[in-house]
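Structure first, commentary second.
The values are calculated or read from the model by the stated rules, or taken from the named source; none is laboratory data. Fair warning: this is a prediction, and the values are worked out from it, not measured in the lab. Counting neighbours? That spans all protein chains shown, and the Cβs are built from the backbone with ideal geometry, glycine included. Surface areas here come from the heavy atoms of the whole protein model, side chains and all, with no ligands, DNA or RNA. Shrake-Rupley method; radii C 1.70, N 1.55, O 1.52, S 1.80 Å.
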Amino acid sequence: MNADKSLISRRFAHALSTYEEEAQVQAQVGDTLLAYLAETLPRVNPRNALEIGCCTGILTEKIVARLPSLVQLTVCDLVAAFQSCIDTRSRAWRQYVSFLAGDIEKVELPQSYDLILSSSTLHWVHDFPALSAKLARHLNPGGAMAIALYGPDNFKEIREITGSGLPYLSLEELQHILSQHFHLLLARQDHHELWFADPLALLHHLRDTGVNALNPAGWTKGRLAAFATAYREHFSGEQGVRLTYHPLYFIVSKKEGEEASLGAVAQKP
């Protein structure tokens, strides 16, 4: 099922004050993505960049620190309320960060970019092939894109218990889609397991990171009790109950056929 984006916006806005404390995996995934970018394109030197799904600015701050060549950074998020987080963080930065509120599938991007980045966001989109084509059109010749999103094993425990979840694309499916518009430079996947004292603590984690947007009806006392019982029966261990994250990583460059823009990307020899 595709998620209701208005519900996604409300749930993430509600989690604004708790997101950074709870989003340990998301922070780690963002760090890994930047490490893969540096490993794959060690001389990447963008003058302008777009970050999709900036949220509270955890990754944004690291992009600014790691890419001193930037003179312009546009950060986009579905949740307009996150602009306040970016504004607070950007006081310590050079004044080249601008916030763009809107759905990346629909919003009009103001320009093309040398580098596009996104972490823990694009699994929410409804039409990844169409978005892939759109982003390719807004990438300068010689430009690159680094994205991390989640795959089919993500939250597999919840899917088994409730029967609901996002229609995650596999590594292979995403490789095929991206290859229509980009050269694939890196494609990797990983698994992270988080452990919680009990199913209620797990649900609090989902609420406090905003990722509980697939349960619009909420929980009744009976549904919650049945969920907790089934979860303990199937996914308990010595550390409590587990939850799986399944991040997928891609580094791509724009397909050849156009002259490379100066300073956009320098690949490994």
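Tabulated values for the structure
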| read-out | value |
| --- | --- |
| Quotient of C-alpha Rg and 2.2 N^0.38 Å, computed over the chain | 1.02 |
| Surrounding net charge for P247, when Lys and Arg each add one and Asp and Glu each subtract one, Cβ distance under 14 Å | -2 |
| 10 Å Cβ shell holding at most 12 others, DSSP loop, GluC sites (Glu not before Pro): longest site-free stretch of the chain | 109-237 |
| Calculated [θ] (222 nm, deg cm²/dmol) that DSSP helices of n ≥ 4 give over the chain, each run adding -39,500 (n - 2.57) | -11000 deg cm²/dmol |
| Under the span-like rule (Cα at least 27 Å along the axis, Kyte-Doolittle mean at least -0.5), DSSP H helices of the chain | none |
| The chain, relative contact order in percent, only Cα pairs under 8 angstrom and at least six apart counted | 29 |
| 13 Å Cα-Cα reach of K62 towards aspartates and glutamates, excluding residues that sit fewer than 8 places from it in its own chain | D31, E51 |
| Evaluated over region 109-148, the Cα radius of gyration and Dmax, each in Å | 10.1, 28 |
| Per residue solvent-accessible surface (Å²) - the chain, probe of 1.4 Å | 46 |
| Portion, in percent, of the accessible area of the chain that falls on carbon or sulfur, probe 1.4 Å | 50 |
| Under 22 Å from K254, Cα to Cα: lysines that are on another chain or at least 8 residues apart | K106, K134, K268 |
| Whole-angstrom Cα spans of region 88-193 along principal axes, big to small | 47, 36, 25 |
| Part-to-part distance (alpha-carbon centres) for region 83-146 and region 41-70, which is given in Å | 10 |
| Residue range of the chain that is longest and free of trypsin sites (Lys or Arg not before Pro) which are both DSSP loop and sparsely packed (at most 12 other C-beta within 10 Å) | 107-269 |
